[in-house]
Every structure is written in structure tokens, then in C-alpha cells.
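Working notes, beginning with the structure itself.
The values are calculated or read from the model by the stated rules, or taken from the named source; none is laboratory data. Source: prediction; values computed, not measured. Glycine also receives a Cβ, built like all others from the backbone with ideal geometry; neighbour counts cover every protein chain displayed. Remember, those area values only see protein heavy atoms, side chains included, never the ligands or the DNA or RNA. Shrake-Rupley method; radii C 1.70, N 1.55, O 1.52, S 1.80 Å.
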Amino acid sequence: MAKKIIGWFYSIIILIFFYAPVAVLMAMSFNKSRYGALPFEFSTEWYRVLFSNQKLIQAALDSLAIAAVTAVLCVVLGTAMMLGQREFNSRVKAFFNSLVVFPLVIPWIILGLSLLLLLRALGLDRNYAMLLIGHVVVSFPYAVMVIGARLEDMNSEIQEASYNLGANEWTTFKRITLPMLSPAMLAGGFLAFMISFDNFVLSYFLIPTGKTTLPIEIYSSIKFGFTPEINAISSIILAATLLMITVIAVLMRSSLMRMFK
Amino acid sequence: MPFLSIKDLTKIYDGQRVLDSISFDVEQGTFLSLLGPSGCGKTTTLRVIAGFVRPDGGSVNLNGILINNLPTYKRNIGMVFQSYALFPHMTVEQNIAYGLEQRRLPRNEIRKEVAQVLEMVQLTGYEKRKPKQLSGGQQQRVALARALVIKPSLLLLDESLSALDKKLRVEMQVELRQIQQKVGITTIFVTHDQEEALTLSDKIAVMDKGRIVQLDTPVNVYERPATTFVAGFLGKANFFKGSVVEKHGDVYQLKMENGHVLPFESLRDPGVGTDLTVAVRPEKIALSGEEPEGTWIKGTVKFTTYAGDRSLYRLEALGQTIEVERQNSLGISEFKIHDEVYISWDKSNTLLLDR
Amino acid sequence: MKKKALLVSPAMFILIAFAVVPLFIMLYFSFISDGGVPGFTLENYARFFSKPLYLALTWKTIKMSALVTLISILVGYPMAYIIAKIIKSGREILLLLIIIPFWSSQLVRAYSWMNLLRDGGILQDFLAKLHLFKGGELGILFTQTAVIIGLVHIFCPYMIITSYMTLEKIDDSVLEASKSLGANPITTFLRVILPMSKAGIVTGAILIFVPCLGSFVEPRILGGVNGSVIGTVIQDQFFEIYGWNFGAAIAFILLAMVLVSMGVMSAVNRRGEENG
């Protein structure tokens, strides 16, 4: 019993450490004072300022678009890869796997600048195509992990049963594999979306001149000084993240636990 | 011409012959069990027939047609998987209808067929349930219904009962056999459970190390095992290894490796000078306090166990342990530890096996 | 081989062409002079290793990353243990609460500490109210301390999650077995729990140490002028000074450090497996 009390006590301290700065940030976005001074006075002033900041809104929309495309690419590529790799033996699979996790263990600054140098070697300017590729490379492992885990849980006898009942490969994919995989694909897509939406480093290196994304815009505002509308947009991002993670958690739970008891 | 004919089937995984030139025939309507320990190749044989495994050699003929190179989905072979492999995102009805949909049957006909097969497996009323809402036994029935509804030419069962608990398994065995006989479908059943194979089958193929060791009726496989492996795998047996040294009248003398000599009678003449193993099943041995007629050996009771309807004895004789099973007709064990007893058996129960 | 095997090729192409090949291009450029010296030159590397400033920053980056990793182990491992072995009801909600910051914007989270830590900010007010702090300036923001706090905040969830995943797999009966054999809680921890969960700690350490080595946003935001690390030096080469080839050389040195540290840590992990 004493153990439990200590356990909860410790957990709460850790959670305060994790959440206090974020909570303060969100509270401050509703504080009337420009410099976050106390006493706290409620105001939605900064949200109004935010929504009239065309540049920031455009940056946010661009980031959403980039993240959406990245997510779709990651899910399609990841699903194809996980389905295809089952044809290989375990040594080849291990090689594929190490390639997939490679971008996780290489600092993003290195990936970003090496892609920029690739552009230079090819004689190209920074462009959205390369930016998207960069985002796909760093978001891919997350999507693959979720989809791969689900596929591994799927008993291969399920597909065999389908062939056995007279369905060919395509019908089996359409009617059995895809429906069973879809919650994981959705969850993997969400994760890839969040990684991409939040990604500053790759965008920073690869964004075309004169363009911007939300993280780049936030970064330059922070460097520039303290702007309350950044509090507001950050709060929106955090709230959206919270929502999405909850959705993913529910998706994963139901997909992993509902189908197999 | 046999309905299913398998010739010289060979499969090699990582240099190991998982199937070592297997051949057997199955007549139409037969329930054949492939029985053997894990790794004997029984499941691989089944998966070759189903089309999931491509053999490295040999042929599979079904109803006179070579099906080796036919993809699974064109074979029209029903299969019940070990895990049942029900589609978790579909209802019972949808699971069963799946195969019929692949055959492009009209809607109303599908509905009729599904209702019929559900009635047969006694699951009417469960149409709208998802697999996870069913008990193990019910899932098993759905899997069976799904495999039968496509009117397959052959039914394959892969350890299909092993996930059920003992009582339910026995019930399902009876039901499975009844359905199989009613439908009259040729069935191949893979199992490692000898009791299950004995109760269900018309024929049993005992497999070991990628080969079929014996293919015969349950009675013959049990009563007339072809090898020591079969005798030991199906039920228990006492083995006496040695060579036949002489013959007095009807009685042979087996000089055993430990130096002792076993006298025995047999219906078949083993021939003096052959190396062989004499085997006898524990329940075929008679024990008595007085000297019986015919051939006998003497032993000492070392251990007894009371098992309700039977008593199990472990005796020492001829320098080895001999197991004996007796029915408890009087409700108590006949002999106690340290008792000296006479061990004998009818010559028809002497099994002569290779070494 | 079946046609299905071809499904892996688009993903493999992208990963090889855009994650592996560019590293070799980076290596190529690191041997090219920014100053127009023709042909291959070791100039960039010579420059890096001859300037005490760069070596000092390298050492500082390693120390910072090691410290962040160490603090994350000390803070995160107990948390993981509590979730895996002590708190059984409410475990899922706790895990969710740990995972949420893990997935929240790193940039925003680093930024959120600015509000808290800056002179005259919330933390200063709070400490003053508790009479723990008297007058003057708090003086945490734009120091190395602020950078480390921010990095621990960002990366500690990795340690919690990887440790949790190994701790959770340890069957409670194994711990009971240890106890029943007469081991006290400390022995049980050192001889059973720790060896069995070591893999999680090492994985977590790699996932923290490596990105810390390459971090530049958090040091920039929270460290200000005191926040210079290798990452910020590289950033400056690409965005302020336009010494791309020198930047490539530093990035390659960083990559080498990453690979060495990963090699060391997975060797530690392997040795643990052999012993355990």
C-alpha cells in the first residue's frame, strides 16, 4: 500500500514536470497582458490577433497540407512494404527494418542538410518535392511500426482461409487484409501526420525561399522575441495533438484488442 | 482410381527433408487421419494439398486431375484451420457467405445455403454475431460450416480440435464424424492426438520424420503396428529387444541385450536367428499368483497406481521394467508392492517388430 | 520470387536514395573547400580539429547529451517501474499521459519553458510567493541549465516508454520466485529486474543521446548565447555564414560520433544479454 502511495506521488510530480510548462503556456494564451504578467486577466485578444495574422495562418495551412500528403505517402508506402516483405526471409527483413529505423537514429539535422546537399549536387533549388521526401523519410518509421505490428498480429491463416474459400490475391487484400489493417493504417497515418506537422528541422533546410511552415514561423517568432499570438497558436497545436493522440489510442486499442479478444 | 492420390511428395526446408517422398491414396468418402509427433510433416502434407506449400517434388491428383500447379483459390478444397482463421471483421453469416460470393452465387441462393449449413452445425440464430462473441466450440462450428458450404471436393482439418478443452473436444469429435458421414465428404485430418485419430478415422496414416510409417485402419494400426515407433506412439507398449536364439515346440527364446532370455509364443514365425523387438501392450498382459498355462515369466511388483476403473502396475522382470494395466473388476487392486507374480499373455497379442 | 515482393521497392528506393545516399554526398562535400581551393582537401577537417573552440563545443555537446541521458534514466526508469509493476489500476491512463507529451510539438514544448523560466516569469513569481527566492533575477533562462531542463522534458518520455516495454514483460512470478529464494528487494532489483530491463534502458539511452548530440533548436531557444553546441555551429554554417562544405564536415564528424556512441551502447546491451 505504501508502495502505491509513493508510486502515485512520484507519478504526479513527473506529470507536473511534463504538463506544467504546457499548461502555463495555454493559460497565458488567454492572459490579457502582453508579457504574461500576473494577475491573470482573461482575454481572447491573442486569438483574434492570431487569426488576423495572414502569414501565420498561411503557414499553418501549408503545414497541414504537407503533413496530409506525407501521411498518405507514408501509409501507402508502409503498407505496401509490410505486405511485400513477408515474401522475404528473416535476414532480408532485418535489413529492411534497419533501413526503416535508420532515420530514427540519425539526427534530423544531418538528414536535413544532406538532402540540401543532394539538391546542390543535382543543381536544384530547395523545393517542395524534396521537402516532402524529407518529411516522408522521417515520418515513415512511425507509420511502419504501427502497421507492421498489426500485420504481425494478424494470423497468416486468415489470408490462407480466404484463398482457400476461392478468393484470389486481390480479393483477399480488398476484403480481408485491408479492412483488418485499416485501423492501424489510420493510426499510422495520424502519427506520420503529427511528426510531419511538427517537423521543424527538415522543413528549415528544404523549404523553398520565401515560403514558410508553421514550425518555421514559430521558431523565427521565438527568436525574434516574445509574441503572445505564438502562445495562442501553440495552444491550438497542443489541443489538437491531445485530441489526435486520444483518437489514436482508442483506434489502436480497439484494433488490437477488439479483434483478438 | 483413387479419389485423392499423392505420389512421391517431397519438400525440403533449409536442407531438411520435411517430406521425404510421401505417397498415399485416399478413397472417396474416407476419413483419413495424418497422425504423428510435431515436426513429422503431417501439417506440411496438408498444406501442400491445400496449395499453401509448393512441393519440391511429387504430385497431387484430386479426382483424376493433377492439382500441383493450381493456385489455392481454384482448388475447391475446404479447410478448417488450427486457429479457425475466422474473419474477425465479419459476422458469422458473412464469414460463411464469403466462399459462396467468390463463386458468384446469386444473393438469395447464398442466403439459403448459409441458413442450411448453419442448421447443420446447430448455429441458427447466430448469423449476426461476430466471431469474438462466440465460444471456442461455436467458432469451430462456424469454421466447419464455412469450409463445407462451398461444397468442397475434399475437407482438410488442421489440428482443428486441439484448442478445445477435453470435454468439448470429445463432443465435437462425435459431431464432426456425424457431419462428415452425412455429407459423405472425403476428409483429411491432421492431429497429434492418437485417441482422437483412433475414434474418428476410417484410416490412419502414422507419420514420422517426413515419411508415412504405416497406413491402415485404426484397429490394425493399434493391434498390428508395423514398427516400434507406431507401437510406441499409439498407446503404450512393453518392448523386449534381442535376437531369437532357439525354438522349443511353439516357444521361441529371445536373448535380450541385457543377457536375460524371454520365452514367447507368436502366431507368426519370426525365424530363429533374427534380430527383432517383441512388444506387448500393457492391457494385454495377464497377472496371476499361480503358475499359468503356457509361457510365462516371473516378476516383482514395484509400484502400483489406482486409476478408478483400472490399476496400473510397474513390475520388474528380466532386468527391465514392465507396465501392466488391469481392469478393476473387484474394485481393488489385485496385487501389492513386493508381490511375486506370473506374467503372461496370449500369443495373438505378441507383436513382432523391427529393431 | 513472387511479384508481391516488388511491393517493398518504392519504400526501399526512397530510404536508400534519400536517407543513405545523401550521407555519402555530404561526405563528398566535406572534402571540398569553401574557399575555392580546387580538388579534394582535408582543409575542413583540419580547421575543425585545430580550433580549440570547436573541440570545446564538441566536448560540451557530449557532456550535455550524457547529462540529459543520465537524468532521463534517473527520472524515467522509476516512473516506468511504477507504471509497470506498482500501479496496476490506472496504468492505461498514466501511459496515455506519458505518451501525449511524447507526441506533442518539441518546438512548442521547448518554447513553453521560456514562459516559465524567464526572469520575472511564472517560476520566479511562484518561488517568490513561497519565499524561496528573494529579489533580483532568476537567471535560469539562456543558460546551460535551461537547455538541459528543456531537453530532459522533451526526451525523458522515450526512456519511460522503452523501459516500460521491457519491465512490463517481466512476469511478476519471476520477482516472486526471487523473493521466495530469499533475495531481498535490493538483490531482486539488481540481479533480476535490472538485467532483464537493461535492453529498454539502452534503447532509451540511444533514442535520447543521439538526438541530443544533433540538437540545435532547444539550445538556441533556451540557451541563447550560452547555448552553442555542435548543432548550432552547423546551423550557422548553413544559414548565417554559408560555409556549407565546412558544415558538411562538422556534420560528418557528428555522424561519426553518433555511430560510435550507438556502437558502444549496443555492445553494452549485447554483453548484458550474454551475461543474463
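Before moving on, here are some points about what is shown:
- Here the stretch A:1-119 is treated with +1 on each Lys and Arg Cβ and -1 on each Asp and Glu Cβ, and its dipole about the Cα centre works out to around 320 debye.
- Protein accessible surface hidden between A and B, which excludes ligands and nucleic acids, total in Å², probe 1.4 Å: 2100
- Count of Lys pairs (Cα-Cα under 26 Å; at least 8 positions apart or interchain) in the stretch A:46-260: 4
- Top of A:G112, A:G166, A:G78 by mean-square fluctuation, Gaussian network on chain A, Cα under 10 Å: A:G166
- Considering only the protein assembly as shown, percent of DSSP beta bridges that pair antiparallel, nearest 5: 80
- Ranking B:F31, C:F13 from most to least accessible surface, computed with a 1.4 Å probe over the protein chains only, gives C:F13, B:F31.
- Per-residue [θ]222 nm for chain C (sum of -39500 (n - 2.57) over DSSP H runs n ≥ 4, rounded to 500): -23000 deg cm²/dmol
- In the structure shown, the pairs C:K63/C:K198; B:K11/B:K167; B:K236/C:K169 are assessed against 31 Å; a Cα-Cα span above that value is assigned to B:K11/B:K167; B:K236/C:K169.
- Distant-in-sequence amide H partners of B:V213 (H built 1.01 Å from N, under 5 Å): B:V206, B:M207, B:D208
- Here is the P(r) of the stretch B:244-355: all C-alpha pair distances, binned every 5 Å from 0, give 2, 12, 21, 24, 19, 11, 7, 3, 1 in whole percents.
- The accessible surface of the protein assembly as shown, taken with every protein chain in place and a 1.4 Å probe, is 60 percent carbon and sulfur.
- Sequentially through the stretch B:68-73, phi angles give Karplus couplings (6.51, -1.76, 1.60; θ = phi - 60°) of 2, 9, 7, x, 3, 6 Hz, Gly and Pro residues having no value and appearing as x.
- Expected 222 nm ellipticity per residue - DSSP helices of 4 or more, -39500 (n - 2.57), all of chain A, to 500: -25500 deg cm²/dmol
- Looking at the protein assembly as shown, the pairs of alpha carbons with a distance over 43 Å make up 52% of the total.
- Residue-wise HN-Hα couplings along the stretch C:224-231, as the Karplus relation 6.51 cos²θ - 1.76 cosθ + 1.60 with θ = phi - 60° gives them from phi, are x, 5, 8, x, 5, 9, 4, x Hz; Gly and Pro carry x.
- Simple Cβ-charge dipole of chain B, Lys/Arg +1 and Asp/Glu -1, about Cα centre, in debye nearest 20: 1860
- Between A and C, roughly 7500 Å² of accessible area is buried in total, ligands, DNA and RNA not counted and the probe set to 1.4 Å.
- Semi-axis lengths, largest first, of the ellipsoid equivalent to the stretch C:72-205 are 36, 17, 14 Å, with √(5λ) applied to each eigenvalue of the Cα gyration tensor.
- Using only side-chain charges placed at the Cβ, +1 for Lys and Arg and -1 for Asp and Glu, the dipole size of the stretch C:138-249 relative to its Cα centre rounds to 220 debye.
- Under 5 Å, built H, 5+ apart or other chain: amide partners of B:L157: B:V80, B:I188, B:F189, B:V190
- Relative to the longest principal axis of the Cα atoms of chain A, helix A:54-84 runs at roughly 20 degrees.
- Folded to 0 to 90 degrees: helix B:92-102 orientation relative to chain B principal axis, Cα: 70
- Backbone geometry of the stretch B:48-59 corresponds, through the Karplus equation with coefficients 6.51, -1.76 and 1.60 at θ = phi - 60°, to 3J(HN,Hα) couplings of 5, 4, 6, x, 8, 10, 8, x, 7, x, x, 9 Hz, x marking Gly and Pro.
- Drop in accessible area of at least 10 Å² in the complex versus isolated chain, residues of the stretch B:96-143, 1.4 Å probe: B:Y98, B:G99, B:E101, B:Q102, B:R103, B:K132, B:Q139
- For the stretch A:46-260, the share of alpha carbon pairs falling in successive 5 Å distance bins from zero is 1, 7, 13, 15, 16, 15, 11, 9, 6, 4, 2, 1, 0, 0 percent.
- Among the trypsin sites (Lys or Arg not before Pro) in the stretch B:264-321, those placed in a DSSP loop whose Cβ has at most 16 other Cβ atoms within 10 Å are B:R268.
- Reach of C:K3 by Cα under 17 Å, taken over aspartates and glutamates that are not fewer than 8 positions away in the same chain: A:E87, A:E169
- Between helix B:107-120 and chain B: long-axis angle, C-alpha atoms, 0 to 90°, nearest 10: 20
- Considering only C:V260, C:I83, C:I161, the residue lying farthest towards the positive end of the dipole of the stretch C:53-275 is C:I83, judged by Cα position with unit charges set on Cβ.
- Heavy-atom surface of chain A, accessible at 1.4 Å and reported per residue (Å²): 43
- Convex hull volume of the Cα atoms of the stretch C:187-247, normalised per residue: 109 Å³.
- Tail beyond 18 Å, pair distance distribution of the stretch C:1-99 (Cα, percent): 74
- The lysines whose alpha-carbon is closer than 19 Å to the alpha-carbon of B:K247, local same-chain residues fewer than 8 away aside, are B:K255, B:K347.
- Selection from A:S182, B:V206, B:A279, by position along the positive dipole direction of the protein assembly as shown (Cβ): A:S182
- Per residue, chain C exposes 45 Å² of accessible surface when a 1.4 Å probe is rolled over the protein heavy atoms with every protein chain present.
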